[in-house]
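The values are calculated or read from the model by the stated rules, or taken from the named source; none is laboratory data. These numbers come from a predicted model, not from an experiment. Ideal geometry is used to build each Cβ from the backbone, glycine not excepted, and the neighbour counts take in all protein chains shown.
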Amino acid sequence: MKFPLCLVLTVLLCGILAAGGCTTAPASPGTAAPTVPATHVPAVPLSSLVLLRTDLPDGYLMTTNQEKNASEMGSLAKDLGWQAGYVAEFTGTADVPENMQNIVRQSLATYPEGSMASIIASVNRTDQSYTDLRYYDFPISGLGANARGFAANVGNSTPPGASATTGSLPGVVDLGGETSENTLGQSIAEVIFSKGTTLEVIRITGPAPNPDDVLAIARKAYSKIP
C-alpha cells in the first residue's frame, strides 16, 4: 500500500514538532488552568513616612525620631495585630518657657487593614480619657473613611457652638504602647487616620494648639502613604 508523499512529510513534521515541545496538548475537560501564587507585598517601611521639618509650620525642630520595639507594646496592641511602630516629635522653638511650647507628635503603626476601623475607634476613645480636659470633635475630609479629629482644652474652655464632653475613662494603655495618665494639664488637637496597613496619629500638645494646623500636617502625612 502506497501513501502520498505529502502525507508522509506531514506526519514526520508533526512528530518533530511534538518532540521539540512546540505543540501543546489540549486541556482535559473540566481541568482548571494553573494559578499563579499572589505575591506578598510587605508593609510600607514606617521610617519612610516620617514628616520632615518642612512639612510643619515654621518654628519647629525635630527632637525625637525612633522606631518602636515589640517589647514596648501592650498585649492589646499585639492581639490586634501590631507589626511595627515609629514615633517622631517636633518641638516649637519660639522664645517662650519650655512648658509653653507646642509639641507635634507623629505616631505610626502597622496593623491589618481589615481591623483599622475598630482600632481607630479604640485610639479615639483612649486619647479622650484625660479627666482635666473638655473635648470636641471637628470635621475631617480627605483622610479616609475612618478618620477622626478632636481637640481638647484645659478646664471649661470650649469654642463657641462646640459640643464638649469631659473625659471620664481611667488611664489606660493605648495602642501605641504608652499609658495615658488621668490628667494632662495641656490642651491638645489630634487627628487619627489610616491608609492600607498604616495607622497614624498626629497630635499637637501645648497651651493653644490649632485644629487647622493639625489637619494641615495630617494631610501632608497622609499624602506620603503610597
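Brief remarks follow.
- Close pairs from segment 75-89: first farther than 11 Å from residue 108 by Cβ and touching a residue at least 40 places away in the same chain (Cβ under 8 Å), partner in a strand (DSSP E or B) and not β-branched (Val, Ile, Thr), Cβ under 7 Å, at least 6 apart: 82/109
- Residue within segment 80-100 that is under 23 Å from residue 204 (Cβ atoms), modelled with pLDDT of 90 or more, surrounded by 18 or more Cβ atoms within 10 Å (Cβ to Cβ) and in contact with a helix residue (DSSP H, G or I) (Cβ under 6 Å, 6 or more places away or on another chain) present: yes
- Check on residue 171, touching a helix residue (DSSP H, G or I) at 6+ places or on another chain (Cβ under 8 Å), at pLDDT below 90 and in a loop (DSSP other than H, G, I, E, B): no
- Pairs meeting the criteria (first residue in segment 142-163 and over 18 Å from residue 129 (Cβ atoms), second residue of a type in the set (D, E, K, R) and at pLDDT below 90, beta carbons under 6 Å, at least 6 apart or on different chains) are lacking.
- Residues satisfying the stated conditions in segment 200-218, i.e. in a strand (DSSP E or B) and among the β-branched types (Val, Ile, Thr): 201, 202, 204, 205
- Residue that is farthest from residue 107 (Cα to Cα) [pool: residues in segment 124-142 that are charged (D, E, K, R) and within 22 Å of the chain's Cα centre (by Cα)]: 137
- So residue 126, is it at pLDDT 85 or above and either among the hydroxyl-bearing types (Ser, Thr, Tyr) or on the phi < 0 side of the Ramachandran plot (or both): yes
- Of the residues contained in segment 53-75, none is found to be modelled with pLDDT of 90 or more, surrounded by 10 or more Cβ atoms within 10 Å (Cβ to Cβ) and on the phi > 0 side of the Ramachandran plot.
- Tally, over segment 106-125, of residues that are crowded, with 19+ Cβ neighbours inside 10 Å and either touching a Ser or Thr at 6+ places or on another chain (Cβ under 8 Å) or among the aromatic types (Phe, Trp, Tyr) (or both): 7
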